[in-house]
Every structure is written in structure tokens, then in C-alpha cells.
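Inspection log for the structure reproduced underneath, given as C-alpha cells.
The values are calculated or read from the model by the stated rules, or taken from the named source; none is laboratory data. A quick note: this is a predicted structure, and the numbers were derived from the prediction, not measured. FYI the Cβ positions are ideal-geometry reconstructions off the backbone, even for glycines, and counts take in every protein chain you see.
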Amino acid sequence: MLVNDATRHATVVVPTYNEIDNIQRLVPALLALACEGWSIGVCVVDDDSPDGTGRWVAALAAREPRVAVVRRVGVRGLGTAYIAGMRAALAAGSDAVLTMDADFSHHPRYVPDLLAGLAEADLVIGSRYVPGGAVLYPLHRRLLSRTANAVANRVLGLAARDATAGFRAYGREVLASVPLESIFSNGYSFLLEMLFLVQARGWRVAETPITFADREHGTSKISSREIGRALYTCARLGARRVSGGRRRAAVGSAETVVG
């Protein structure tokens, strides 16, 4: 996927399941982007889509070196799709890895902003909830998103206003520092755990505003089961955060006594 040694290379990882109508428009739009100092490649991770998404991307990849596809058997989940795409991008030598949805709720026009943000941060989030950001979908989904972020911020101590956002740009060193194989969460709760691990390692996290639109084609993958998983992830990582704080306090007390 590396195409120009004079610039840094970024790979956009796009998980798909039955996204043929969207992916046929998204991949060309990403490849057409002009990002100063960056070349762009795309890695689609497809979970055996019955509508032919994986086959279409594979045919494109055969003639377009900037495109790669990871085709998996069965529906294996969003979190593992991100990990598969990240590993493929790192193995190809990418300097940055972006993640985004296939349905244009994350618009390609914001990719240059995310990459530009890596000049000052290690992880840049395309955020709905910073000044200039906006959300264009029904009220009940907006309330659900706001509630999920409020819980994540409070329980996990996450600094990002849009902790559940999947539109992100990671520097290579960030991903190399995170033990991807140890991440327990799958689905959308993977995003919370990933941000928790990145922040815990002291990497700089920034947000850039985006307008998040509802999908025009296909169906949403968010379900009540995903909401339950996210709550479980917050509880599990929150307990780890508390126990970690207690261990640090105990070590600090012991050092004080010894001193």
C-alpha cells in the first residue's frame, strides 16, 4: 500500500458487512483525497458480506495498489475487524492508521483534518461534541450517544468529549504500544477500551470537529446488545482503573514510610 517514499503514508481501515452501495463510492472518494504530506491507502476488512462487498473490493485491489482487503469468514465483529485492519496497515509500513465507518456518517472530507492533527497529537478523534461539531440523526440516538459518552467520561476518566467515536487517526507508535491481542471488547465497546488504553499510556489525544450524518444506504449495526456490551466494558475498565489507583496509592504510602 506504500506508494510514495517522499511522504508519510496513512491507511484508512474500513470494516464492512453488506456495504456494497457505500463502499463503491467511499473507496474512490478516499483515494482522491489530497492530504498535504501524506499518501492515502485503504484497507477494507469484510466479514463475508452476502451482498458482494468483499468480492468488489478484492477485484479493485487486484488492479489498484493503494487498496487492500482482508476477507474473513463469518460475522466476527467490529473490534476484531479494527484489529485485523490495524495489523495489516502496520505490516505494510503505514505511519498512521485511520478508522472510519463505510456509510458516509464519517465523511472523507474530514480525513485531511485528522491527519493534520497528528502534528500535535498521537490520536486524533473526529468529534461530534467539540465546538464546530454536529450530529444529524434522530433525537433518541443523540440522547443515547450523549449518555454513553457521559458514562464513559465519568467512569473511565476519559478526557475526550466524543469517547465513543470511531472516526480516528492513530500514529504508528500509539498502535505499536497497545497490546491489541489483549483487548477483550468487541463491537462498538472496542472504541472505549482502545481509548482507555491509549490514554493510560500517556499519549496525547486531540479532537477535531466533524458533522456526523445518518447513513443513506444500508442498515445500522447498533443494537441493544451493543449498548449492553458498552455498559459492561465501562464497568470492567472502571474496576481496573479503581484497583490500579489503589495499587499506586499503596506503593506511594510504602515508599513514604521507607523514606
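Okay, here's what the table says:
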{"quantity": "Residue in region 131-149 that is touching a Cys at 6+ places or on another chain (Cβ under 7 Å) and either farther than 22 Å from Pro179 by Cβ or at pLDDT 95 or above (or both) present", "calculated": "no"}
{"quantity": "Failed item in (1) crowded, with 22+ Cβ neighbours inside 10 Å; (2) over 27 Å from Trp38 (Cβ atoms), with Phe184 passing the rest", "calculated": "(1)"}
{"quantity": "Test: Arg87 is within 23 Å of Ala59 (Cα to Cα) and either in contact (Cβ under 8 Å) with a residue 24 or more places away in the chain or within 15 Å of the chain's Cα centre (by Cα) (or both)", "calculated": "yes"}
{"quantity": "Index of the failed condition, Ile125 passing every other in (1) touching a residue at least 24 places away in the same chain (Cβ under 8 Å); (2) surrounded by fewer than 21 Cβ atoms within 10 Å (Cβ to Cβ)", "calculated": "(2)"}
{"quantity": "Selected residue (criterion: nearest to Leu180 (Cα to Cα)) from residues of region 39-65 that are of a type in the set (D, E, K, R) and surrounded by fewer than 19 Cβ atoms within 10 Å (Cβ to Cβ)", "calculated": "Asp48"}
{"quantity": "Extreme residue, farthest from the chain's Cα centre (by Cα), among residues of region 154-210 that are of a type in the set (S, T, N, Q), within 12 Å of Cys234 (Cα to Cα) and in a loop (DSSP other than H, G, I, E, B)", "calculated": "Ser185"}
{"quantity": "Strands (runs of 3 or more DSSP E) (entirely within region 1-117) containing at least 3 residues that are under 19 Å from Phe212 (Cβ atoms)", "calculated": "8-16"}
{"quantity": "Residues of region 48-84 satisfying the condition of being among the polar types (S, T, N, Q) and over 19 Å from the mean Cα position of the chain (by Cα)", "calculated": "Ser49, Thr53"}
{"quantity": "Close pairs from region 138-150: first over 17 Å from Arg229 (Cβ atoms), partner at pLDDT 80 or above and aliphatic (A, V, I, L, M), Cβ under 7 Å, at least 6 apart", "calculated": "Arg142/Val135"}
